[in-house]
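Report on the following structure.
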Amino acid sequence: MKITSIEVLSADRYDYVKIQTDDGISGVGELHPASGTSGTPYVARAGVEYHKEYLLGKDPNKIEDNWQHMFRRQLFRGGSDVMSALGAVDIALWDIKGKSLGKPVYELLGGPVRKKVRLYTHLSSTDIDALRDEAKLRVEEGFTAVRLYPFGNFGNRSFSEGIGLEKMSYTAMQRHAVERIEAVRDSIGPDIDIMIDVVNRLTPAEAIAIGNALSDYNLYFFEDPIEPENMDAWEQVAMRQPIPIAMGERLYTIYQFRELLNHNGASFLRPDPSLVGGISNMIKIGSLAQASYASVVPHNPLSCVLTAACAQIDAVLHNIPVQEYPVDDDSGVKADLVTEPLMREGGYLLIPDKPGIGIELNEEAFKHYPKKAYVRPPLIYEDGSLKDY
C-alpha cells in the first residue's frame, strides 16, 4: 500500500488532514492551528505540505519509521507548526492502519484498559448567577467534573461588572476567583470535581496567590497558571500553592514534557494529540508520565476528529483519569462535519469499536461552513500595554 495524496480540508475554524492510499483506504487527522491559534493557521497548513513532500509514495503502515523521518528531517526540530502537521498526519496514518486491519487503533496499541472514559466539560458563563445555573445543568446531564475560567470573562470584553482580568488588581483577581468557585460549589455540591483554567495569563506571584485563595474549595486541578517556557517557575508555582497543577497544552515535544516532570511542575500533563505529534508521541509521553506517577489528561479543544483520536489514547493509557470534552462536541457545526460523533453516556465517553479512530468526515457538509479564522482578543492594560492574548 502506498500513499497517493495528502490534503487539508477546512471548514469553519477547523482543519483536517486526509490521506489517501492506492488501496482505496483513507485516513483523517485533525490539524492544530499552532502559531495561528489567534488568527489564520497558515504555517500549520504549510507544515502539512512539508510532510507531504516526504510521505507521497511511502507505505502508510510504517508509522514509526515515517514519524522518525518526518521529525528528524527537520534539522531544527520541534516547532509547533511542523509538530501540529505531524500530529494530524500521524493520526491519519493510524486511522489507515486500523481500517486496513479491521481493528480500532487501540487494539494495535495493546488493547483497551477501559470501556469508557470519564469526562470533564467547560462552563462558559460569565455572570455568577448564570454560571451557577450552567454548572447545575451540566451535572444534571451526568457530568461529574466541570472546568471554568475564574475571572468572569475570557477575553478583553465587557461583562456584567464591566471589567476583565487585564483590568483587575492583585486582590480583585483573588476575589473574583473565590466568588465564582464558591458559587459553582454551592450549586453542584461537595462531590463534583471542579477545575480552573487561566490560559497561561498570570505571573508566578499571581498564580500562587490565586491557588492559596482557593485552598478551601478542594479543586481537582489548576490548569496553565503561567506562561509555558520557564520550568523553574512552574516548579515554584507547584510548590507554593496547594492545588495540583495541570500543564502541557502548549508543549509539543517529549523533551519538554520530560523537563516539566523533572521539575515536578505538574501533577497532570495536558498533551494535545494534534500538537505533540499525534497518537504515536502521546503514548510515549504517557509512559514517561507513568514513570513519574503523573496523570495524563489529553487536551481536546477542537472538534470530533480530535475527540476520536483522544478516545483511542484514553483506551490504552492506564494513567488517564479524565478526558476534556467541549460541551458542543456532539452538536452544531462539529457534529455536522462528521458522519456521526462518538457516543456519550452522561459524564462518560464510550470508547468506539469501529476500525481506525472510529470516525469519518462528512465532506458534503464542508461547503456549508466556509473556513474562518479564530480570533482571540488581546488583553490590554489600562495604560495601553499588552498583557496577553
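Read-outs: derived from the displayed coordinates by stated rules, not from any lab. Nothing here was measured: the structure is a model prediction, and the numbers come from that model. Ideal geometry is used to build each Cβ from the backbone, glycine not excepted, and the neighbour counts take in all protein chains shown.
Worth a mention:
- Using just its DSSP H runs of length 4 or more, each adding -39500 (n - 2.57), the chain gives a mean residue ellipticity at 222 nm of -11500 deg cm²/dmol after division by all residues.
- The alpha-carbon of K52 sits under 19 angstrom from the alpha-carbons of these aspartates and glutamates, leaving out residues fewer than 8 places away in its chain: E7, D15, D22, D23, E30, E64, D65, D81, D90, D95.
- Cut-off 17 Å, label 7 Å out along Cα→Cβ of N212, residues of the range 171-185 by amide N: 171-178
- Taken along the Cα-to-beta-carbon direction at a fixed 7 Å, the label points for Y374 and K284 span 2.5 nm.
- With eigenvalues of the C-alpha gyration tensor scaled by 5 and rooted, the range 1-95, Å: 21, 16, 9
- Listed peptides 278-286, 15-23 appear in the order 278-286, 15-23 once ranked by packing, highest mean of other Cβ atoms within 10 Å at the front.
- Ordering of 196-203, 168-175, 50-57 by packing [mean C-beta count within 10 Å, highest first]: 196-203, 50-57, 168-175
- For the chain, hydrophobic long helices are taken as DSSP H runs at least 30 Å long by C-alpha position along their axis with mean Kyte-Doolittle hydropathy of -1.0 or more; these are 80-101.
- The C-alpha atoms of the range 1-47 occupy a region whose extents along the principal axes are 38, 19, 10 Å, arranged from largest to smallest.
- Stokes-Einstein D (µm²/s) once Rh is taken as the Kirkwood radius of the range 82-143 over alpha-carbon pairs, at 4 °C in 1.567 mPa s: 85
- A viscosity of 0.890 mPa s and a temperature of 25 °C, combined with the Kirkwood radius over C-alpha pairs in the Stokes-Einstein formula, give the range 191-249 a diffusion coefficient of 218 µm²/s.
- Rh (Kirkwood; distinct C-alpha pairs) - the chain, Å: 21.3
- If you bin all the Cα-Cα distances of the range 166-307 at 10 Å, starting from zero, the percentages per bin are 12, 40, 33, 15, 1.
- Out of every Cα-Cα pair that the range 238-389 contains, those further apart than 17 angstrom amount to 67 percent.
- Computed extension length for D191-H318: 43.4 nm, one decimal, from 0.36 nm per residue of separation with the Cα-Cα distance subtracted.
- Backbone amide hydrogens, once placed in the peptide plane, bring K103 within less than 5 Å of G356, excluding anything fewer than 5 places away on its chain.
- In the structure shown, the pairs K58/K354; K115/K367; K62/K372; K284/K367; K136/K367 are assessed against 32 Å; a Cα-Cα span above that value is assigned to K115/K367; K62/K372; K284/K367; K136/K367.
- Kirkwood-Stokes translational diffusion coefficient of the range 225-320, alpha-carbon pairs, 10 °C, 1.306 mPa s, µm²/s: 120
- For the Cα trace of the range 184-224, dividing Rg by the Kirkwood Rh returns an Rg/Rh value of 1.00.
- Theoretical gain in end-to-end length, V178 to E382 [0.36 nm per residue, Cα-Cα removed]: 71.1 nm
- Reachable lysines, given that their alpha-carbon falls under 22 Å from the alpha-carbon of K387 and they are not under 8 places away in the same chain: K167
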